[in-house]
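Visitor: My questions all concern the structure below.
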Amino acid sequence: MQIDMLNKVRGQNPVVLNVANFVTVQDVANALNAIGASPIMSKEVAEAEEMVKMAGSVTINLGTLTKEQVIQMRTIGTLANQFHKPVVLDPVAVGAVHYRLETALDLLASFPVSIIRGNAGEIAALGGFDWRAHGIDAGTGSGNLDQITKQTATKFHCVVIASGATDTISDGKTVAHIYNGTSLFQAHVGSGDMLSSIVAAFAAVCDDPYAAAQAATLIFAATGEKLALDQPALGPGTFGSHLMDYLNKLQTTDFDQIARFD
Amino acid sequence: MQIDMLNKVRGQNPVVLNVANFVTVQDVANALNAIGASPIMSKEVAEAEEMVKMAGSVTINLGTLTKEQVIQMRTIGTLANQFHKPVVLDPVAVGAVHYRLETALDLLASFPVSIIRGNAGEIAALGGFDWRAHGIDAGTGSGNLDQITKQTATKFHCVVIASGATDTISDGKTVAHIYNGTSLFQAHVGSGDMLSSIVAAFAAVCDDPYAAAQAATLIFAATGEKLALDQPALGPGTFGSHLMDYLNKLQTTDFDQIARFD
Amino acid sequence: MQIDMLNKVRGQNPVVLNVANFVTVQDVANALNAIGASPIMSKEVAEAEEMVKMAGSVTINLGTLTKEQVIQMRTIGTLANQFHKPVVLDPVAVGAVHYRLETALDLLASFPVSIIRGNAGEIAALGGFDWRAHGIDAGTGSGNLDQITKQTATKFHCVVIASGATDTISDGKTVAHIYNGTSLFQAHVGSGDMLSSIVAAFAAVCDDPYAAAQAATLIFAATGEKLALDQPALGPGTFGSHLMDYLNKLQTTDFDQIARFD
């Protein structure tokens, strides 16, 4: 586990270009800034090439997609491949909305991505597994999440992160788990979107997307866990603002005692 | 006053579909999540039918409308009626901007809504009463707010909530009042939008929109009041994040001592 | 330095119309509300004339521009001139993205603005100076910022604010500096956007844009500095929510001891 990748992010301050979900965009920008990356959000396809060239990586979030935005996503995804910038896809609500699942599958057929980050219901839907999602939430499906994550990674030739109480990560060959976290992540809207963009920040400074996915997921999950331990009175709102403080101030050594993964 | 409707929201975790105001959308999503509902925001009309079917109720917020969004609002409102999902309309700034008033009246002529939630200036404008609104704020109009609320409810055959220091609620036959609250609600942008969507969450679990409107308004107002009493040093910013904590943690018994209504 | 202009803002509660950056729009609305102005955001060109007439001033933020939004910007800028409402332009990322620089220059050729507020990299780009910007951040350019600011002001016949650790302000004839601030402003996304709209609030109550720019910039910078001094444990997230509290509660006398400018 390359926890010191955090120092590379802070040292290189990579620009992360986001095709964003307008619900959570401010949290995502602040989280990227707090952890040491430089966020930029764009809505205009005419600036796509300049944006991609300037960026170290790209996050494409389906959270509040429109047909116009999907055109922009396709353009940016294609350009990112052309300029060798890693792409993270966040397939919000594909487990609950068939239109979104079709859109995500179309995008994945148009350009390869380095990493997909979703909840269990979203990853299962992409992989073609049966699952009962609930709106934007993971839902109550059951099934072998290791198998689902691994096979979805194989299907799309990329790294897949199924985040939740335990985060399951696979490159299609092996499966890693992150056991850190706090239930406050589920209580605060935008936690998943923040993670997706933070994963992109790590992928911008590391050629191995599987290592970047693991390090970013561990650091995000353990930051939240440490915050919840240090300040047990926090609720979902105050957790959100303090999370930015912690993303900004924690050092790699802060994770020595609490990191739990395999 | 059915304060225990809060437990039904938490038990059923209804999906509330929002056509959202982009200024306040993150607060609205977090408030819905905090109180026990499941928020989803959509901008693409192609997913409207799936979204409406999945939702327990719908909120249509005019806060940052565009012509494209109005088409989506009309589609979603019509579908919500078809699938018997209650609709809450938030007519932001119709008291100050004639274009918005016309748009709101057009929408209300296109599909019936269950509940309208606005400030006094907005409700007066919809009802055809004279009032001096100030931008997005209620303004300084005078008049019998009971009569205005009641007649606006009669005009649109729905429940109307005119929120403010005192909340006035009517189904066109009787008028109810909620006396709880705090001036911090006015100091924090998005309080009204949060209330509208929380009203929708309650309407999703209760067949009686008048009862849902009263319970939701009381619980929201009393939650803010209790927070301001418990933590008198809060200003408009910290009130916003702590409000999420309180929406999440307060139990029905917390309202026993402070609920004030008739 | 007209610090008591703050009381005029609070007394007059001017409506500030914003063509907004969707990343930071909630912070901007809350900051305007907190300091005593009345924010309104609009996306629909059909309501532009009503909005401009109602407003005391206008902020045009290029942060997440689209071609449609640029049409709206041009319409609103032209109407603002027609109705004698001051316009503040925030040229986000023109230092890093050529498409945005061209767009900003086109807008500035279409209608005069009262004030431009950007970081050093953005102001240098508009003025035609060489500078190395980094995404939305100022970057590491060097050069005589006094000269750059002054000549950019002369070029566009307006007041220019180059904000940063020291804020440099010029009307093309003289140069003023604000030395207050805190590094937390840089750590919190949206600080610049908040400042631009607060400058517009001050310009709405003062016929002299140079005086308004100085007073607004000083009060914003000193509010952040005082907050950071009073609460040294704040990180970028909690700073954001407490900043709203401080914008709301500080009085002109609070700045007596800490204001540093020339």
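Visitor: I'm trying to understand the selection: among the residues of segment B:3-25, which are surrounded by 24 or more Cβ atoms within 10 Å (Cβ to Cβ), within 10 Å of chain A (Cβ to nearest Cβ) and under 16 Å from A:Leu65 (Cα atoms)?
Guide: Within segment B:3-25, B:Leu17, B:Asn18, B:Ala20, B:Val25 meet the criteria.
Visitor: Another question, if that's okay. Condition check: over 30 Å from B:Leu32 (Cβ atoms), in a helix (DSSP H, G or I) and basic (Lys, Arg). Does A:Lys85 satisfy that?
Guide: Working: over 30 Å from B:Leu32 (Cβ atoms): yes; in a helix (DSSP H, G or I): no; basic (Lys, Arg): yes.
It is false that A:Lys85 is over 30 Å from B:Leu32 (Cβ atoms), in a helix (DSSP H, G or I) and basic (Lys, Arg).
Visitor: Now for a separate question. Are any of the residues in segment B:115-131 more than 14 Å from every other protein chain (Cβ to nearest Cβ), in contact (Cβ under 8 Å) with a residue 12 or more places away in the chain, charged (D, E, K, R) and crowded, with 18+ Cβ neighbours inside 10 Å?
Guide: Within segment B:115-131 (the criterion being more than 14 Å from every other protein chain (Cβ to nearest Cβ), in contact (Cβ under 8 Å) with a residue 12 or more places away in the chain, charged (D, E, K, R) and crowded, with 18+ Cβ neighbours inside 10 Å), the answer is yes, since at least one residue qualifies.
Visitor: Consider segment C:216-234. How many of its residues are within 14 Å of another protein chain (Cβ to nearest Cβ) and assigned to a helix (DSSP H, G or I)? Spell out how you get there, then give the answer.
Guide: In the first step, residues of segment C:216-234 are kept if they are within 14 Å of another protein chain (Cβ to nearest Cβ); the result is C:223-224, C:226-228, C:230-234.
Now drop any that are not assigned to a helix (DSSP H, G or I), which leaves C:223-224, C:226-228, C:230.
Number of matching residues: 6.
Visitor: If I go through segment A:32-52 residue by residue, how many of them are under 19 Å from A:Gly240 (Cβ atoms) and within 7 Å of chain C (Cβ to nearest Cβ)?
Guide: 4
Visitor: What number of residues in segment C:53-71 are in contact with a strand residue (DSSP E or B) (Cβ under 8 Å, 6 or more places away or on another chain) and within 13 Å of chain A (Cβ to nearest Cβ)? Before you say what the answer is, go through the steps one by one.
Guide: At the first step, the residues of segment C:53-71 found to be in contact with a strand residue (DSSP E or B) (Cβ under 8 Å, 6 or more places away or on another chain) are C:54-64, C:69.
Checking which are within 13 Å of chain A (Cβ to nearest Cβ) leaves us with C:61-64, C:69.
Residues meeting the conditions: 5.
Visitor: Right, next: If A:Ala96 satisfies all but one of (1) modelled with pLDDT of 95 or more; (2) within 14 Å of chain B (Cβ to nearest Cβ), what's the number of the condition it fails?
Guide: Only one criterion is unmet by A:Ala96, namely (1).
Visitor: Now for a separate question. Can you tell which of C:Phe220, C:Phe239 is surrounded by 17 or more Cβ atoms within 10 Å (Cβ to Cβ), more than 21 Å from C:Ile169 (Cβ to Cβ) and out of contact with any strand residue (DSSP E or B) (no Cβ under 7 Å at 6 or more places or on another chain)? Spell out how you get there, then give the answer.
Guide: On the way: C:Phe220 fails: more than 21 Å from C:Ile169 (Cβ to Cβ).
Testing whether each residue is surrounded by 17 or more Cβ atoms within 10 Å (Cβ to Cβ), more than 21 Å from C:Ile169 (Cβ to Cβ) and out of contact with any strand residue (DSSP E or B) (no Cβ under 7 Å at 6 or more places or on another chain) leaves just C:Phe239.
Visitor: Do you know which of the residues in segment C:38-54 that are in contact (Cβ under 8 Å) with a residue 24 or more places away in the chain and acidic (Asp, Glu) is nearest to C:Pro86 (Cα to Cα)?
Guide: Once the filter is applied, the top-ranked residue is C:Glu49.
Visitor: Another question about this same structure. Filter segment A:235-255 for residues that are more than 10 Å from chain C (Cβ to nearest Cβ), more than 16 Å from A:Phe220 (Cβ to Cβ) and assigned to a helix (DSSP H, G or I) and give the result.
Guide: Matches in segment A:235-255: A:Pro236, A:Thr253.
Visitor: Being of a type in the set (Asp, Glu) and out of contact with any Pro (no Cβ under 8 Å at 6 or more places or on another chain) is true for just one of A:Glu225, A:Glu122. Which residue is that?
Guide: That would be A:Glu225, the only listed residue that is of a type in the set (Asp, Glu) and out of contact with any Pro (no Cβ under 8 Å at 6 or more places or on another chain).
Visitor: Take segment C:142-164 and flag every residue that is free of Cβ contacts under 8 Å to residues at least 40 places away in the same chain and either touching a helix residue (DSSP H, G or I) at 6+ places or on another chain (Cβ under 8 Å) or not in a loop (DSSP other than H, G, I, E, B) (or both). Quick ask: steps written out before the conclusion?
Guide: Keep residues of segment C:142-164 that are free of Cβ contacts under 8 Å to residues at least 40 places away in the same chain, which gives C:142-155.
Those that are free of Cβ contacts under 8 Å to residues at least 40 places away in the same chain and either touching a helix residue (DSSP H, G or I) at 6+ places or on another chain (Cβ under 8 Å) or not in a loop (DSSP other than H, G, I, E, B) (or both): C:Gly143, C:Leu145, C:Asp146, C:Gln147, C:Ile148, C:Thr149, C:Lys150, C:Gln151, C:Thr152, C:Ala153, C:Thr154, C:Lys155.
Visitor: Related question: Taking segment A:49-80 as the search range and keeping residues that are over 24 Å from A:Gly95 (Cα atoms) and in contact with a Leu (Cβ under 6 Å, 6 or more places away or on another chain), which one is surrounded by the most Cβ atoms within 10 Å (Cβ to Cβ)?
Guide: Step by step, filter segment A:49-80, then rank; the result is A:Met51.
Visitor: Please give the number of the condition C:Tyr99 fails out of (1) under 18 Å from the mean Cα position of the chain (by Cα); (2) part of a helix (DSSP H, G or I).
Guide: With (1) under 18 Å from the mean Cα position of the chain (by Cα); (2) part of a helix (DSSP H, G or I) applied to C:Tyr99, the lone miss is (1).
Visitor: Mind listing whichever residues of segment C:207-217 are buried (at least 20 other Cβ atoms within 10 Å of the Cβ) and among the hydrophobic types (A, V, I, L, M, F, W, C)?
Guide: C:Ala212, C:Ala213, C:Ala215, C:Ala216
Visitor: Given the conditions (1) under 24 Å from B:Ala176 (Cα atoms); (2) of a type in the set (A, V, I, L, M, F, W, C); (3) away from chain C (no Cβ under 12 Å), report the number of the one that B:Ala109 does not fulfil.
Guide: Result: B:Ala109 passes all but (1).
Visitor: If you take the residues of segment A:162-206 that are touching a strand residue (DSSP E or B) at 6+ places or on another chain (Cβ under 9 Å) and within 14 Å of chain B (Cβ to nearest Cβ), which of them is surrounded by the fewest Cβ atoms within 10 Å (Cβ to Cβ)?
Guide: A:Gln186
Visitor: Follow-up question, since we're still on this one. (1) among the hydroxyl-bearing types (Ser, Thr, Tyr); (2) part of a helix (DSSP H, G or I); (3) touching a Lys or Arg at 6+ places or on another chain (Cβ under 9 Å): which one isn't true of A:Thr168, the others all being true?
Guide: Condition not satisfied by A:Thr168: (2).
Visitor: With the condition kept exactly as written, say whether any residue in segment A:97-105 is in contact (Cβ under 8 Å) with a residue 24 or more places away in the chain, among the hydroxyl-bearing types (Ser, Thr, Tyr) and within 30 Å of C:Asp137 (Cα to Cα).
Guide: Let us first name the residues in segment A:97-105 that are in contact (Cβ under 8 Å) with a residue 24 or more places away in the chain, namely A:100-101, A:103-104.
With among the hydroxyl-bearing types (Ser, Thr, Tyr) added as a condition, the list becomes A:103.
When the remaining residues are screened for being within 30 Å of C:Asp137 (Cα to Cα), the result is none.
Within segment A:97-105, none of the residues are in contact (Cβ under 8 Å) with a residue 24 or more places away in the chain, among the hydroxyl-bearing types (Ser, Thr, Tyr) and within 30 Å of C:Asp137 (Cα to Cα).
Condition check ((1) under 15 Å from the mean Cα position of the chain (by Cα); (2) free of Cβ contacts under 8 Å to residues at least 24 places away in the same chain; (3) closer than 12 Å to C:Met5 by Cα) across all residues:
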position: C:Ser196; (1), (2), (3): yes, no, no
position: C:Ala200; (1), (2), (3): yes, no, no
position: C:Phe220; (1), (2), (3): yes, no, no
position: C:Ala233; (1), (2), (3): no, yes, no
position: C:Pro236; (1), (2), (3): no, no, no
position: C:Phe239; (1), (2), (3): no, no, no
position: C:Met244; (1), (2), (3): no, no, no
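The values are calculated or read from the model by the stated rules, or taken from the named source; none is laboratory data. Keep in mind it's a predicted model, so treat the numbers as computed, not measured. Counting neighbours? That spans all protein chains shown, and the Cβs are built from the backbone with ideal geometry, glycine included.
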